[in-house]
1. Give me the one-decimal nm value for the distance between modelled label points at residue 39 and residue 363, 7 Å along each residue's Cα-to-Cβ direction.
2. Estimate the FRET efficiency between residue 179 and residue 234 by the formula 1/(1 + (r/R0)^6), using the beta-carbon distance for r and 51 Å for R0, to the nearest 0.05.
3. Between residue 434 and residue 471, what is the spin-label point distance in nm, taking each point 7 Å from the Cα along the Cα→C-beta axis?
4. Given Cβ point charges of +1 (Lys, Arg) and -1 (Asp, Glu) and nothing else, what value in debye, to the nearest 20, does the dipole of segment 32-158 about its Cα centre take?
5. So how far apart, in nm, are the two label points at residue 414 and residue 250 if each is 7 Å from Cα heading toward Cβ?
6. Taking Cα pairs under 8 Å and at least six residues apart, what relative contact order does segment 1-220 come out at, in percent?
7. Give me, ordered by chain and number, the residues 5 or more places off residue 420 or on other chains with an amide H under 5 Å from its own placed amide H.
8. Any idea which of 137, 113, 147 is furthest toward the positive side of the dipole for segment 109-224, if Lys and Arg beta-carbons carry +1 and Asp and Glu beta-carbons -1?
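Since every read-out is calculated from the coordinates, none of them should be taken as a lab result. All values derive from a computational prediction rather than experimental measurement. Reconstructed Cβ throughout: ideal geometry from the backbone, glycine too, with neighbour counts over all protein chains shown.
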Amino acid sequence: MMRRLRANLPWIAGAVALAVAAAAWLARAELNALERDFDTRIGIVHRVLSLRAVEHEAILATLALLDTPVAAEAARRLPTIYPRILGVLRRAGDARWGAAALSGEMATALAAAEAASRRAGRAWGLVSDMEQGRLWLVFAGTHASHALHIDLGGMLAAAEWPFAADEVVRVELTHAGHRWAIKAGADASAPWRLLFDTPLAVRSQPFDVVAERRIGWRELPWLAMLGTAAAAALAVAGAATLRQQRIARRRAEELLRLGQVGRLNAMGELAAGMAHELNQPLTAILASTRAAARLLRDDPPDPDTACEAMEVASAQARRAADVLDRLRRSVERPGRAERLQVVDLRAVASAALHLIEPRLREAGVRPRLEGAGGLAVRADPVALEQIIHNLLTNALQALQRVPAGERRLTLRLAAHAAHASLTVIDSGPGISAAQRGRVFEPFYTTRADGLGLGLSLCETLAAGMDGRLDIVDGDEAPPRGAALRLSLPRATAATARTRTDPR
């Protein structure tokens, strides 16, 4: 289970990464949507406040233009029309602002604002009472000056508030360190912060509209994020399953091909052995029947009939020899030297391990491939695959005869002066001294269900590639188990150029 988990770890990591990325993309999209919505709504607030500020300037300009008794009466009625206007003051000549209605300090401040308005040629705002939600706006006219006392809290009606009642938003008017909170409250613990800070487009009321909106975790689209993450994980799982199925199918096809080649080679080995074993007795039969024919010709009873019978026997024996010879020629491996190619020994060994990987995993064997790559040898790729596959299969069968905790399998690559070698080492029961001299004999086997052709065929295939297959013994032998070494000629630089460059 742990081995399978480690094998699938890259896919699991990929699924988690894709799921997190998909969820993060949805979260970012939702945050962007909330930011756009916030900008739209606070833009409405900014426009309404700017409109109110423009109305204040227009009222003052109208009062200065229509400075008549009728206009004065209308000015006294402004608070009923505009509830945010708390009062209107008028000063003409050398009179003081508001007389007894204002403190001396405030009257002095209004006088200073009037002087500033006269110099600037526009209305002038007095924000000293801004923390109490009050604003004085003064306009110095030609004949008289007017001042509006404005309630900042009334500049934005409840019906004009664009945010939801439960939406926590902080909106303030600020200027030169003074501030007035139109809407208080923002969750400082929320991780995301949206900020708006834009001045009103009116010079007489130089307020900055500052708004803050905090976005908490609960506002993220968790259902959509979880659904998208699950879909991404399922997509990766499906891709992993399809890939594993493709690998398993290719492995099965390759094993089937190797099995077919192995069976053909085994049939050839079997036919060659039969031809070798039967050719001698058939030759003896042929010689005996010919001698009998000559002897019977000298006998008087019926020499012609006896000679004819012996000639028939001789012809049948010759025919049997011809049949066996044709069988041997039909299954004999043709021109293997013509099929030798430059191959990477480590790459072929890795491919062979890949083919039997399910059987190794089932047996709890973790093979080790030692030695550097780049060992180029001259070999028949199909024959080389078959040899390594047979050696690995034999090693795996030997390892299944020892406890699971003692199973070790090592493939060791080595380079020598003229050849390269691949040694397959297992920690199985090993090969006894009595068996060592016979393991490469055809039909010799220690397994009840074996044919005894595997190692014999491997030795024949290795010899056909100018290589050899040996049992490692002496100081190089492992302390336990068996080691078989396949040696093949190394590909020289000239050989490699011949294979890669036909010139």
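1. With each label point 7 Å from Cα toward Cβ, the separation is 6.7 nm.
2. Working: r = 53 Å, r/R0 = 1.03.
Using R0 = 51 Å, I get an efficiency of 0.45.
3. 1.3 nm
4. Working: 14 positive and 13 negative charges, 48 e Å.
Computed about the Cα centre, the dipole is about 220 debye.
5. Placing both labels 7 Å along Cα→Cβ, they lie 3.2 nm apart.
6. Details: 314 pairs, mean separation 42.6, N = 220.
Value for segment 1-220: 19 percent.
7. Amide H to amide H, under 5 Å and 5 or more residues apart or across chains, residue 420 pairs with 488, 490.
8. Towards the positive end, the residue furthest out is 113.
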